[in-house]
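Quick notes on the structure that follows.
The values are calculated or read from the model by the stated rules, or taken from the named source; none is laboratory data. Every value quoted in this text rests on a predicted model; they were computed, and no experiment measured them. Note that each Cβ is placed from the backbone with ideal geometry, even for glycine, and that neighbours are counted across all protein chains shown.
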Amino acid sequence: MQVPAPFTYERAHDVDGAVGLLERHGPEARLIAGGHSLLPMMKLRLARPETLVDINDLHDLDYIRLDGGEIALGALTRHAGGLGSGLLAEHYPIFAEAERVIADPLVRNRGTVGGSLCQADPAEDLSAVFAALHGRAVIRSSSGSRSVDMREFHVGPYETAVGPGEMLVELRVPVRTRSGSAYEKVERRAGDWAVAAAGAFVQLDDGVVAGVGIGMSAVGARHFTCPPAEEILAGQEPTAERIAAAARTCAEHCEPTADQRGPVDYKRHLTGVLVRRALSRAVAAAQGGVA
Ligand SMILES: Cc1cc2nc3c(=O)[nH]c(=O)nc-3n(C[C@H](O)[C@H](O)[C@H](O)COP(=O)(O)OP(=O)(O)OC[C@H]3O[C@@H](n4cnc5c(N)ncnc54)[C@H](O)[C@@H]3O)c2cc1C
């Protein structure tokens, strides 16, 4: 049986308490939220935190609400909460489409949005969603809050902008009218990590693309996105030809690795197909007047 290395356990009761415990215990302390990523890594001794700071009592961080023209999600929102949110479904169907294909109900009931993003697995789905939506992350420490563009949140595989003594507390996404969004993922079997995945957001103004975001997962896309592909569509009519050109650009710019889920050429091709499908559906939804 695999067991973790010894560690000290602390339980935080509010955000100040959590960041205070992180500061007191130093860089070898780790927060634990749903535990679905951290505990398996500890059992395999891939992670050996000296202290675990449990944040499951921070119920104040479990919310999805409208706030000043933005949708705000608390870091402790469970995947199931994101999947069931009427507010997200109304404004950004991409969320439910991504959440529906993340793992299984057991993981979704316990795993958190914040834990997923902070784990920063290169095949994690919500990173692509937040990249497509141009979201922001709010990070707290004992010296206050700072806001980080989600396109700068991931600094590498399993590495984020959250530093020692800091905690991700909230994700924010602007509400936009006349927009559409969609998520496409290919997995080997239900509940598996992506072979490749793509999300898209499009906002139209008088038939022209006023806002666009493309997110990709599992294919080595820098910051889970591809700005040169977005530039093909920005300020233009979203014709089938431009969508196809943007999808081709994504396929060219991503850097997948060969593994048990498939060879590089297959993943590159799949990326192009999924980006094209996601963009086409996002455009159709925006044309249909989906807010
Ligand atoms: C069988 C299985 C299949 C899965 N399939 C998928 C999939 O298809 N797609 C997908 O995207 N994910 C998948 N996952 C991952 C799943 O989404 C996990 O819930 C998620 O990776 C971690 O969330 P958690 O709350 O359990 O985080 P934890 O395991 O508690 O923490 C993960 C990391 O984040 C840190 N952390 C947690 N919260 C914070 C915070 N607020 N601030 C700073 N650091 C924090 C922890 O210290 C730790 O380093 C799968 C997981 C399993 C077990």
Completion exercise
All conditions in (1) free of Cβ contacts under 8 Å to residues at least 60 places away in the same chain; (2) under 18 Å from TYR92 (Cα atoms); (3) among the hydrophobic types (A, V, I, L, M, F, W, C) are true of ALA200 except (1)
Exercise for the section: Find all pairs meeting these conditions: Cβ atoms under 6 angstrom apart; at least six residues apart or on different chains; first residue within the stretch 26-55 and in contact (Cβ under 8 Å) with a residue 12 or more places away in the chain; second residue of a type in the set (Lys, Arg) and more than 9 Å from the ligand (Cβ to nearest atom). Expected result: ASP54/ARG11
Practice task
Please work out if GLU10 is within 19 Å of the chain's Cα centre (by Cα) and either farther than 18 Å from CYS118 by Cα or of a type in the set (Ser, Thr, Tyr) (or both).
Solution key: no
Handout entry: Subset of the stretch 114-126 (residues that are in contact with a strand residue (DSSP E or B) (Cβ under 6 Å, 6 or more places away or on another chain) and not in a loop (DSSP other than H, G, I, E, B))
Key = GLY114, CYS118, ASP125
Practice task
Look at ALA96 and say whether it is outside the structural domain of VAL283 (by TED's automatic domain parsing) and assigned to a helix (DSSP H, G or I).
Solution key: yes
Completion exercise
Flagged in the stretch 235-252 as surrounded by fewer than 17 Cβ atoms within 10 Å (Cβ to Cβ) and either assigned to a loop (DSSP other than H, G, I, E, B) or β-branched (Val, Ile, Thr) (or both), in numbering order, are GLY235, GLN236, GLU237, THR239
Practice task
Might you let me know whether the stretch 141-160 holds any residue that is within 10 Å of the ligand (Cβ to nearest atom) and part of a strand (DSSP E or B)?
Solution key: yes
Exercise for the section: Filter the stretch 57-81 down to the residues that are part of a loop (DSSP other than H, G, I, E, B) and among the small types (Gly, Ala, Ser), then identify the one that is farthest from the ligand (Cβ to nearest atom). Expected result: GLY69
Handout entry: Residue list for the stretch 25-56, filter: in a loop (DSSP other than H, G, I, E, B) and near the ligand (Cβ under 8 Å from one of its atoms)
Key = ALA33, GLY34, GLY35, HIS36, SER37, ALA47, PRO49, ILE55
Exercise for the section: Could you list, in sequence order, all residues of the stretch 29-59 that are in contact with a helix residue (DSSP H, G or I) (Cβ under 8 Å, 6 or more places away or on another chain) and surrounded by fewer than 16 Cβ atoms within 10 Å (Cβ to Cβ)? Expected result: ARG48, GLU50
